[in-house]
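J.: Once you've had a glance at the structure underneath, I'll fire off some questions.
The values are calculated or read from the model by the stated rules, or taken from the named source; none is laboratory data. A quick note: this is a predicted structure, and the numbers were derived from the prediction, not measured. Every residue, glycine among them, receives a Cβ derived from its backbone with ideal geometry; neighbour counts consider all protein chains shown. Ligands, DNA and RNA are stripped out before the accessible areas are found, and what is left, the full protein with its side chains, is counted by its heavy atoms. Shrake-Rupley method; radii C 1.70, N 1.55, O 1.52, S 1.80 Å.
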Amino acid sequence: MIPQYELKAEDIRHYTIETMKEHIQMEAHGYSCTTDMIFDVLFKASAECSSVEATCADLKAVADSNTIRAYLNQAIEIQKLREPEQQINVALASCIPQAMQRAGIEIAIDFHDEPFYGKGEATRKVTVRGQAKKGTTHFVRIATAYVIWRAGALDPGGALRPAG
């Protein structure tokens, strides 16, 4: 049987970019760099635990990594790093289905540390210290939380139907 609803990577990419643009104040209207391009680079770098530099080198038809970083530095000041973090949290929360209960849910939480080799005092303030690994004792801590949700099936109109 062929599933009635099929989710494609391009659908997720488009939905994610549109959601982030609603919540994060960043715009690029250059001749070689657009807002969507910046989000594409950020999402790919994030998904692959890569740098902006490596991601720009990997993607075709994107602006130079220095151009992308210039727009990011303009939009996100290191001293105000918590503000975009809060905007992203609001964006993520806006995607939670209304049918999902808000209390007593199961959550799996994980975190890992990515090595950080920066030298600037301002950027080191947003890192954590740990046991030496991969030539550094400073790390960017990345946390993920997974909601374990056993939702009901979708009815023919696409609305959630409770399980059971």
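J.: Quick one: what pairs do we get from segment 25-45, first residue of a type in the set (Lys, Arg), second open to solvent by less than 50 Å² (accessible area, probe 1.4 Å), C-beta under 9 Å, 6+ apart or different chains?
T.: Cβ pairs passing all conditions: LYS44/SER50; LYS44/THR55.
J.: Now for a separate question. For segment 45-66, give me each residue that is outside any loop (DSSP other than H, G, I, E, B) and open to solvent by 50 Å² or more (accessible area, probe 1.4 Å).
T.: Within segment 45-66, SER46, ALA47, GLU53, ALA57, ASP58, ASN66 qualify.
J.: I would also like to ask the following. Kindly check whether there is at least one residue in segment 110-122 that is touching a Gly at 6+ places or on another chain (Cβ under 8 Å), part of a strand (DSSP E or B) and free of Cβ contacts under 8 Å to residues at least 24 places away in the same chain.
T.: Here is the first cut: in segment 110-122, the ones touching a Gly at 6+ places or on another chain (Cβ under 8 Å) are 113, 115, 117.
Filter again for part of a strand (DSSP E or B), leaving 113, 115.
Now drop any that are not free of Cβ contacts under 8 Å to residues at least 24 places away in the same chain, which leaves none.
The answer is no, given that none of the residues of segment 110-122 is touching a Gly at 6+ places or on another chain (Cβ under 8 Å), part of a strand (DSSP E or B) and free of Cβ contacts under 8 Å to residues at least 24 places away in the same chain.
J.: Here is a further query. Residue check: is ILE38 of a type in the set (Val, Ile, Thr), within 22 Å of GLN74 (Cβ to Cβ) and surrounded by 11 or more Cβ atoms within 10 Å (Cβ to Cβ)?
T.: Yes: the conditions hold for ILE38.
J.: In addition: Exactly one of (1) surrounded by 11 or more Cβ atoms within 10 Å (Cβ to Cβ); (2) within 24 Å of GLU27 (Cα to Cα) is unmet by MET100. Its number?
T.: The one condition MET100 does not meet is (2).
J.: Turning to a different aspect of this structure: From the list MET37, MET26, which one is of a type outside the set (Val, Ile, Thr) and at pLDDT below 85?
T.: MET26
J.: Give the residues of segment 88-109 that are among the β-branched types (Val, Ile, Thr) and part of a loop (DSSP other than H, G, I, E, B), sorted by residue number.
T.: ILE96, ILE105
J.: Ok, one more. Check whether at least one residue in segment 76-89 is surrounded by 15 or more Cβ atoms within 10 Å (Cβ to Cβ) and free of Cβ contacts under 8 Å to residues at least 60 places away in the same chain, and report yes or no.
T.: Yes: segment 76-89 contains one or more residues that are surrounded by 15 or more Cβ atoms within 10 Å (Cβ to Cβ) and free of Cβ contacts under 8 Å to residues at least 60 places away in the same chain.
J.: Looking only at segment 101-125, count every residue that is under 20 Å from THR144 (Cβ atoms) and under 21 Å from the mean Cα position of the chain (by Cα) and tell me the total.
T.: Adding up the residues that qualify gives 10.
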